[in-house]
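I have placed the structure first, in the form of structure tokens, so that the comments after it can refer back to it.
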Amino acid sequence: MERWKRYIQPVAWGAWTVLLVSQIILAFFFNVEGIRALRHIGWIIWAVGAVFGWVPIFTFRRKGGVPKGKSYVKTTVLVDSGIYAVVRHPQYLAGILLSLALILITQHWLIMIIGAASIALNYIDILIADQDCIEKFGDDYKRYMERVPRTNFLLGFIRLLQSRKGE
């Protein structure tokens, strides 16, 4: 692993975690009367984010070749089916969606600023994760990157449907 990644990745992940938790806590205190439709959209995004956050845990345990007793993230096999046929990084996407949802639900300027920083740090971590996966899985992961979008789940669903239609 490149030297800079050993330092940047834990800092980005830690800062992202602190920002997301701060957003969640502050959401209880800052409940601005805003645009009702945005609040409803925020709750829908929250639910979608929850799906992208939880489904990968079960997918990795079932298909990732995780050694018994190890964390679900300790995969030994490149998983490219199920939710991983839609996006490469569903749990990072979940973090982005949760931050966006909190912005829309609360509609408070402080949560918007924290959310924007959280989304940016999360995206940096996604870029690092792609590089880590290339190191771990090599050309198989590069081909996977060509087929499956990083976080764009709408494009991912369209590509998945097109590939199934072509079979």
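Any idea which residue in region 36-76 is farthest from I111 (Cα to Cα), counting only those that are among the small types (G, A, S) and touching a residue at least 24 places away in the same chain (Cβ under 8 Å)? Break it down stepwise before answering.
Within region 36-76, the subset among the small types (G, A, S) is 37, 42, 47, 49-50, 53, 64-65, 69, 71.
Subset that is touching a residue at least 24 places away in the same chain (Cβ under 8 Å): 42, 49-50, 53.
On the way: G42: 13, G49: 18, A50: 19, G53: 21 Å.
Per the criteria, the residue is G53.
Considering each of F137, F157, F58, F153 in turn, give the residue that is under 15 Å from the mean Cα position of the chain (by Cα) and either modelled with pLDDT of 90 or more or surrounded by fewer than 13 Cβ atoms within 10 Å (Cβ to Cβ) (or both).
F153
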When (1) surrounded by fewer than 19 Cβ atoms within 10 Å (Cβ to Cβ); (2) under 20 Å from G42 (Cβ atoms); (3) aromatic (F, W, Y) are applied to Y92, the one that fails is (1)
**Request:** Would you mind stating whether I83 is surrounded by 12 or more Cβ atoms within 10 Å (Cβ to Cβ) and under 20 Å from Y123 (Cα atoms)?
**Result:** yes
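Okay, residues lined up against (1) at pLDDT 90 or above; (2) within 21 Å of I35 (Cα to Cα):
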residue	(1), (2)
Y72	no, no
V87	yes, no
G95	yes, no
A101	yes, yes
G115	yes, yes
Of the residues in region 28-55 that are buried (at least 17 other Cβ atoms within 10 Å of the Cβ) and of a type in the set (G, A, S), the one that is nearest to L97 (Cα to Cα) is G49
Checked region 56-111 for anything closer than 22 Å to L19 by Cβ, assigned to a loop (DSSP other than H, G, I, E, B) and touching a Lys or Arg at 6+ places or on another chain (Cβ under 8 Å); matches are V87, H89, Q107
A careful count of residues in region 115-154 that are touching a residue at least 60 places away in the same chain (Cβ under 8 Å), part of a helix (DSSP H, G or I) and not β-branched (V, I, T) gives 14
Q.
Take the conditions over 28 Å from E135 (Cβ atoms), at pLDDT 90 or above and not polar (S, T, N, Q) and apply them to L26. Does it pass?
A. no
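The values are calculated or read from the model by the stated rules, or taken from the named source; none is laboratory data. The shown structure was predicted, so the numbers you read here are calculated from the model rather than taken from an experiment. Here the Cβ is made from the backbone with ideal geometry for all residues, glycine too, and neighbour counts use every protein chain on show.
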